[in-house]
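Rule-based calculations on the coordinates, nothing more; no lab input. Every value quoted in this text rests on a predicted model; they were computed, and no experiment measured them. Here Cβ is always computed from backbone atoms with ideal geometry, including for glycine, and neighbour counts include all displayed protein chains.
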Amino acid sequence: MSWPFIAVFLSGWLYVDARYRGPRWQGWVFKPVTLLLLMLLAWQAPVMGTNGYLIVLGLMATLIADALLLLPRERYLYAIGAFFLSHLLYTLSFASQMSFTFFWPLPAILAIVGVILLAIIWSRLEEMRWAVMTFIVMTLLMVWVAGEQYFYRSTDLAFSLLCGSILLLLANIVWTISHYRFKFRAADAIVAACYFAGHFLIVRSLYL
C-alpha cells in the first residue's frame, strides 16, 4: 500500500475517532486534512481525464460545504447547496464513463429508500424541507448512475464507484435521521466512517 493511501487512512481514522470520543479540535483539524489528502490522491491518478477532474471538483465542493457547516446556522443552506454540487459533479463524472442502460429494480429500490427517509424526517425539516429533499434526490440519482454503470460493466472500477456512492448515501441517511429525528451517540462516528470511505472509494476508482 502506498504512502498516500496510508496517510488518507490514518487522517480519516483520527477524524472518526474524534467524532466518537476524541477532542473537538481533532475533528476540526483532520476532516479538512483528510479531504485535502483525498484531493491530492485524486490529482496524482495515473490518467486524469474528464471524470478525474470532476471528482477533484466534487471533493473541493465537499471541502467548502464542510467549512460552511462551521459557520452560524444561516450558512447551513449554502452548505447543503455545496454538498448538492459535490454529488452532481460525482454523478457527471460517473455518467461520462458509461453507455446508458436501465436496470429497473435499482431506481425502484432507491425511490422507496428516498420516500421512507423523507417520511421519517419531513415534519422536522421546517424551512429546510425543499433544500434537503433536493439534496436527497441528487444523492439517490448519484447512486443510480453508479449502479447502472456497474450493472452494465461489472468492472472493479464500477464496483468501487457503486460502493462509494452507497456509503455516501448511508452517511447522509444516518446524518439526517440523527439531526432531525433520533439523536444517538454513535451517529457521528458512523457518518464520518461512511463519509470518508465513500469519498475514498470514488477516488480509488481513478487508479483502477
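Using the Cα centre of the chain as origin and beta-carbon charges of +1 (Lys, Arg) and -1 (Asp, Glu), tell me which of 184, 76, 139 is placed farthest towards the positive end of the dipole.
The listed residue farthest towards the positive side: 184.
I need the P(r) histogram for the chain: all alpha carbon pairs, bin width 10 Å from 0 out to the longest distance, whole percents.
9, 35, 38, 17, 2
Given charges of +1 on the Cβ of Lys and Arg and -1 on the Cβ of Asp and Glu, with all other atoms neutral, how large is the dipole of the chain about its Cα centre, in debye to the nearest 20?
Computed charge dipole of the chain: roughly 460 debye.
So what is the relative contact order for the chain, in percent, with contacts set as C-alpha pairs under 8 Å and at least six apart?
24 percent
Through the Karplus equation 6.51 cos²θ - 1.76 cosθ + 1.60, θ set to phi - 60°, convert the phi angles of region 181-197 into ³J(HN,Hα) values in whole Hz; use x for Gly and Pro.
10, 10, 7, 9, 4, 7, 4, 4, 5, 5, 4, 4, 5, 5, 4, 6, 4
Return the loop-located trypsin sites (Lys or Arg not before Pro) in region 100-197 (DSSP other than H, G, I, E, B) with at most 11 other Cβ atoms within 10 Å of their own Cβ; answer none if there are none.
Filter output for region 100-197: 183, 185.
Lys/Arg Cβ at +1, Asp/Glu Cβ at -1, dipole of the chain taken about the Cα centre: which of 95, 105, 167 is farthest positive-ward?
Final value for the positive-end residue is 167.
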